[in-house]
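Down below is the structure, laid out as structure tokens.
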Amino acid sequence: MDGHTVLAGTTIHTLTEQFTSSPRGARLARRVAVRRMEAWGHPPASDVSCAVALVVGELTANAVRHGRVPGHDFRLRLRLDEASDVIRIEVTDAATTRRPPTTPPTSPPEGESGRGLLLVDVLSERWGTTPRHPLGKTIWAEISTAGSRGQLT
């Protein structure tokens, strides 16, 4: 579901979609996010679109790997608030017991995984987690679009 709202002359765009809790669902969510960023004025090669793609990729991969509950999908919600120049990314999964750490690792781990939240922390203005009732959690991140509309890297 997507749409936009105009409040006091400010446009807020939203996209909300469900995806299967699988690696394929995570890849599809990332592609959908990049297409939506382009529709909202941020070409695929722009800094904003690339940051959104990486954050969506990390959060959806974590939802599939750590938040998967059989029989439940994950939800991606993107919200662009033009007045505040912020894109909010929300990924909701059904796992209640597995919560991410409140801060990313201070140094990258030596293993093959564990760097995702470090990327989210670097690319986002802020990020966090919110419980979802009755089941699950939402991991969110906010990315600034200030001064970057249409800018290519």
Legend entry - Close pairs from segment 18-35: first part of a loop (DSSP other than H, G, I, E, B), partner open to solvent by 30 Å² or more (accessible area, probe 1.4 Å), Cβ under 8 Å, at least 6 apart: THR20/ASP73; SER21/ARG68; SER21/VAL69; SER21/HIS72; SER21/ASP73
Legend entry - Residues (open to solvent by 40 Å² or more (accessible area, probe 1.4 Å) and either among the hydroxyl-bearing types (Ser, Thr, Tyr) or modelled with pLDDT of 90 or more (or both)) located in segment 130-146: THR130, SER144
Inset, instruction - Could you check how many residues of segment 36-65 are free of Cβ contacts under 8 Å to residues at least 12 places away in the same chain and small (Gly, Ala, Ser)? - result: 1
Inset, instruction - Considering only segment 61-90, state which residues are out of contact with any helix residue (DSSP H, G or I) (no Cβ under 8 Å at 6 or more places or on another chain) and in a strand (DSSP E or B). - result: ARG75, ARG77, ARG79, LEU80, ASP81, VAL86, ARG88, GLU90
Legend entry - Residue satisfying all of: in segment 43-76; at pLDDT below 95 and among the basic types (Lys, Arg); surrounded by the most Cβ atoms within 10 Å (Cβ to Cβ) among these: ARG68
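Condition test on GLU58, is it within 12 Å of the chain's Cα centre (by Cα) and either outside any helix (DSSP H, G or I) or closer than 24 Å to ALA146 by Cα (or both)?
Yes.
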Inset, instruction - Being at pLDDT 90 or above and among the polar types (S, T, N, Q) is the filter; apply it to segment 85-129 and report the residue that is most open to solvent (accessible area, probe 1.4 Å). - result: THR129
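The values are calculated or read from the model by the stated rules, or taken from the named source; none is laboratory data. Here the structure is a predicted model, which is why all the values come from computation and not from measurement. So basically every Cβ, Gly included, is an ideal-geometry build from the backbone, and we count neighbours across all protein chains shown. Heavy atoms of the whole protein, side chains included, go into the accessibility calculation; ligands, DNA and RNA do not. Shrake-Rupley method; radii C 1.70, N 1.55, O 1.52, S 1.80 Å.
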